[in-house]
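What follows is one structure encoded as structure tokens, with my remarks underneath.
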Amino acid sequence: MAAPAEISRLPYRRGVGIALFNRSGLVFAGERIDTPGAWQMPQGGIDHGEEPWQTALRELKEEVGTDKAEHLAETDWLRYDLPPDVVRHVWRGKYRGQEQKWFAARFLGTDEDIDLDADHHPEFRAWRWVELAELPGLIVPFKRALYTAVAEAFAALGRR
């Protein structure tokens, strides 16, 4: 395990997250392949030279199988820290956590457009539409505060 002082000197990895709302105001949640029982929204790292919204669409295409989405809103940069015992295993120990810009997007497709196997390295084993406020209770504990902030930021866009 890395020492807390060492971890505090590590940078945050830049990324995005997407709250993908369907026409009923529910949000896409995928169950992670590597963490059964942990459900999350699509998210991923920003590649060199990529803009955050461009990254969001790419991540949707890779993780959900479609980029049929319309930009609705976005947050400022939000952060989460990895637990100390996880730092050295994730991203080869180069980052202490992530700094993410979250986007709310309206899904313009149909459920048939969703294909979790669209990418050769799928992230999700299953998916469902859920209430945005449910997501903090479905995510791994160290991301709960971030998911609560996202749920609060986009609460007005969810199911009424």
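The values are calculated or read from the model by the stated rules, or taken from the named source; none is laboratory data. Here the structure is a predicted model, which is why all the values come from computation and not from measurement. Every residue, glycine as well, gets a Cβ built from its backbone with ideal geometry; the counts of neighbours run over all protein chains shown.
When 156, 118 are screened for being of a type in the set (A, V, I, L, M), under 24 Å from residue 46 (Cα atoms) and not in a strand (DSSP E or B), only 118 passes.
Matching residues to (1) under 15 Å from the mean Cα position of the chain (by Cα); (2) among the acidic types (Asp, Glu); (3) modelled with pLDDT of 95 or more:
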position	(1), (2), (3)
1	no, no, no
10	no, no, no
14	yes, no, yes
50	no, yes, yes
75	yes, no, yes
81	yes, yes, no
85	no, yes, no
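Of the candidates 122, 84, the single residue that is touching a residue at least 12 places away in the same chain (Cβ under 8 Å), out of contact with any strand residue (DSSP E or B) (no Cβ under 8 Å at 6 or more places or on another chain) and over 21 Å from residue 58 (Cβ atoms) is 84.
Select from the stretch 98-153 the residues that are aromatic (Phe, Trp, Tyr) and within 18 Å of residue 14 (Cα to Cα) and write down the one among them that is surrounded by the most Cβ atoms within 10 Å (Cβ to Cβ).
103
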